[in-house]
1. Can you list residues whose amide H is under 5 Å from Val74's amide H, if they're 5+ apart or on another chain and H is modeled 1.01 Å from N?
2. How much length is gained if the chain between Ala282 and Glu122 is pulled fully straight, taking 0.36 nm per residue apart and subtracting their Cα-Cα distance, in nm to one decimal?
3. If r is the Cβ-Cβ distance from Ala41 to Leu17 and R0 is 22 Å, what FRET efficiency results, to the nearest 0.05?
4. Quick one: check the C-alpha center-to-center distance for segment 25-43 versus segment 96-117, whole angstrom.
5. Under a straight-distance cross-link criterion of Cα-Cα below 22 Å, which lysines are reachable from Lys153, leaving out those fewer than 8 residues away in the same chain?
6. List, in order, the whole-Hz ³J(HN,Hα) value for each residue of segment 35-47 obtained from phi through the Karplus relation with A = 6.51, B = -1.76, C = 1.60 and θ = phi - 60°; use x for Gly and Pro.
7. Once the piece of chain linking Ala51 and Asp110 is laid out straight, how much longer is it, given 0.36 nm per residue of separation minus the C-alpha distance between them?
8. Which residues in segment 116-134 place their backbone N less than 18 Å from a point set 7 Å from the Cα of Arg84 along the Cα-to-Cβ direction?
Amino acid sequence: MRRDPGGATSGRMRNHLRTFTLLAALTAIFVGVGYLIGGAAGMAIAFALAAAMNLFSYWNADKIVLRMHGAHEVDPATTNPTLRNYVSDVFDLADRAGMPRPKVYVIETDQPNAFATGRDPEHAAVAATVGLLHMLDRREVRGVMAHELAHVKNRDTLTMTVTATVAGAIASLANFVLFFGGGDRERPGGIIGTLAIAILAPMAAALVQMAISRGREYEADRGGAEISGDPEALAAALQKIEAYAHRTVNLAAERNPASAQMFIINPLAGRGADNLFSTHPATQNRVAALMQLVGKAAPPRAARGTAVPVTDERRGPWS
């Protein structure tokens, strides 16, 4: 695959601009809710809280999400061969991408999924679920982790984590308005304003999340394919994860739905679609884009010629 340094630089600039715009929108929604709760004083308090949350999320992005999902760190010294190979492959991919090696985590859930977090490549972490490590073969795991490293390299992880934090706060604040502020007719907006913000604020926050994740997933798929040199492995992994993810409930994700946009496949119950109300692009569209990189219309059953040997898809090296 040919590199395009100029295009990559332009993409990063657009990425930073989009990040600023989206976070500003989330902050504006939060401040608007504060105004409807307490007028000018409520707006000032909400602005201060939004600034504090953004600052806290910047310095603690990885800790927030990893603790939220009960992740635990693994290292190359582990005696478990499954985890040792997983860590080794993440480090190898990071070296190939010219990136600092991230911390590597495992999440104890049967749902196959993965995400990356951290404020920058020097303070990044990647996490895969036990379900993913047992379901995919080694090539496919490498494809997934290359995708997550692309998020880190593109500096998506900070934006996604801060967005999850602020969007969750907006939903909580809107619920507070709905249950505790409905009878105050003197507050700006009155009852109608209260109901409107209680309904629309979470929707607006969700739409901003969707705008972040939908475009960035395509970019991370492309970047991950470049890092691993194996678009077909990622395409096959996405299809398998999509097929199994919604059969298994991810309790941590259900309790914290604002974090759903961080995962490689939507971890929430229900079916994703490539429309306005999807946190992720449709998997078939992502697979089609990946296969265009190698000039194929559909992924083969078993790709060959990669650095990691293909193993039996029914078991793989993780079983």
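1. For Val74, the qualifying residues are Val104, Tyr105, Val106.
2. 54.5 nm
3. That pair, Ala41 with Leu17, gives E of 0.10.
4. 36
5. Straight-line reach from Lys153, under 22 Å: Lys63, Lys103.
6. Calculated HN-Hα couplings, in order: 5, 5, 7, x, x, 4, 5, x, 5, 5, 5, 4, 5 Hz.
7. 17.6 nm
8. Residues 134 qualify, since their backbone N sits under 18 Å from the label point.
Coordinate-derived values only; no laboratory data. These numbers were taken from a predicted model, which means no experiment stands behind them. So basically every Cβ, Gly included, is an ideal-geometry build from the backbone, and we count neighbours across all protein chains shown.
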